[in-house]
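The values are calculated or read from the model by the stated rules, or taken from the named source; none is laboratory data. The shown structure was predicted, so the numbers you read here are calculated from the model rather than taken from an experiment. Here the Cβ is made from the backbone with ideal geometry for all residues, glycine too, and neighbour counts use every protein chain on show. What goes into the accessible areas is simple: the full protein's heavy atoms, side chains included, and nothing from ligands, DNA or RNA. Shrake-Rupley method; radii C 1.70, N 1.55, O 1.52, S 1.80 Å.
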Amino acid sequence: MTEREKIFARIREALTVPAPLPGHHGTAHHATPTAAPSAHAREWLPPVGDSFEEQLARFRANAADLKATFYLVNNRDELAKLLIELRDVGGWKKVASHGGELTDAACQTLALPVCRTDQPFNASELEGCDAGITECDALIAQTGSVLVTNRSAGGRALSVLPPHHVVIARREQLLRDLPAAFELVKKKYAANYPSMISFITGPSRTGDIERILVLGAHGPKKLTIFCV
């Protein structure tokens, strides 16, 4: 028997042993129908308050811990002022975005050349943009994450290639926790799931080398989130 055949034989042998159910490692179990693990997820996930104010405070605190910048803005005029400030401070020359009520208004405010990712585009051009501006599916208070899909955020690359990712969300998109986020995805896309679903939790980072945190290793170095 060759080494390759031995490896596949061990894999086949391992597959004959039932995997433990989530939360039941080390205990005997049988493959009998049980309630979906997500039905009890809130029992072991960090608790989050029910009110908008509590969820907002949790999201804001988590975003700060993750080194993301978060703004709760009162109206579109305040949003426009902050976007112009970002443009001027960052010295933006070109941005990337996609079609949407919030993103279209933002691009009009910035008055810069725009690479549209919901139209044919060149990846090198997208990578050369100073910022990527997207909408999202939800903000998750429990983790400080932004939930995006390729449909809500202008494809797969827009939230990854530009060095600064700017997310514009609506207040009603702030969700309590991860179970609520998965419920939203199921309700919104159950008939036709998108090809990419991502939970963006702070700027891209790595600590692989000597445990030194480096931002922007595999994606945007900056993440700015506006909630209108």
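The figure for H218 is an accessible area of roughly 130 square angstrom, using a 1.4 Å probe on the protein chains alone. When exposed loop sites are taken as trypsin sites (Lys or Arg not before Pro) in a DSSP loop with at most 16 other Cβ atoms within 10 Å, the longest stretch of the chain clear of them is 1-66.
For every other residue with a beta carbon closer than 12 angstrom to the beta carbon of Y189, add +1 if it is Lys or Arg and -1 if Asp or Glu, then tell me the sum.
Once all neighbours under 12 Å are counted, the net charge is +2.
Largest to smallest in accessible area, the residues Y71, Y193 fall in the order Y193, Y71 (1.4 Å probe, all protein chains included).
Rounded to the nearest 20 debye, the dipole magnitude of the chain is 340 debye, with +1 charges on Lys and Arg beta carbons, -1 on Asp and Glu beta carbons, and the Cα centre as origin.
Within the assembled protein chains, the solvent-accessible surface assigned to S124 is about 90 Å², based on a 1.4 Å probe. Each of L72, L102, T143 was scored by the projection of its Cα onto the charge dipole of the chain, and the greatest displacement toward the positive side belongs to T143; charges sit on the C-beta of Lys, Arg, Asp and Glu.
When the Kirkwood hydrodynamic radius is evaluated over all pairs of different C-alpha atoms of the chain, what value in angstrom, to one decimal, is obtained? Mean inverse Cα-Cα distance, inverted, gives 19.9 Å.
Counting only protein chain heavy atoms and rolling a 1.4 Å probe, the accessible areas of M1, M196 rank, largest first, as M1, M196. When V167, V89 are compared by accessible area at a 1.4 angstrom probe, the order from most to least is V89, V167.
The phi torsions of region 99-116, fed into the Karplus equation with coefficients 6.51, -1.76 and 1.60 and a -60° offset, translate into couplings of x, x, 4, 6, 6, 4, 5, 5, 5, 5, 5, 6, 6, 10, x, 10, 8, 8 Hz, rounded to whole numbers, with Gly and Pro shown as x. Shape verdict for region 78-202, please, from the Cα gyration tensor: rounded (a/c under 1.5), prolate (a/b greater than b/c) or oblate. In terms of gyration-tensor shape, prolate. Between the amide H of I225 and those of T69, F70, Y71, V167, distances stay under 5 Å, these residues lying 5 or more places away or on another chain, with hydrogens modeled in the peptide plane. If both residues of a DSSP beta bridge must be in the chain, then about 30% of such bridges are antiparallel. When the Cα convex hull of region 132-228 is projected onto planes of every orientation, the mean area is 6.3 nm².
For the residues I209, I11, I200, a GNM of the chain with alpha-carbon springs under 10 Å puts the largest fluctuation on I11.
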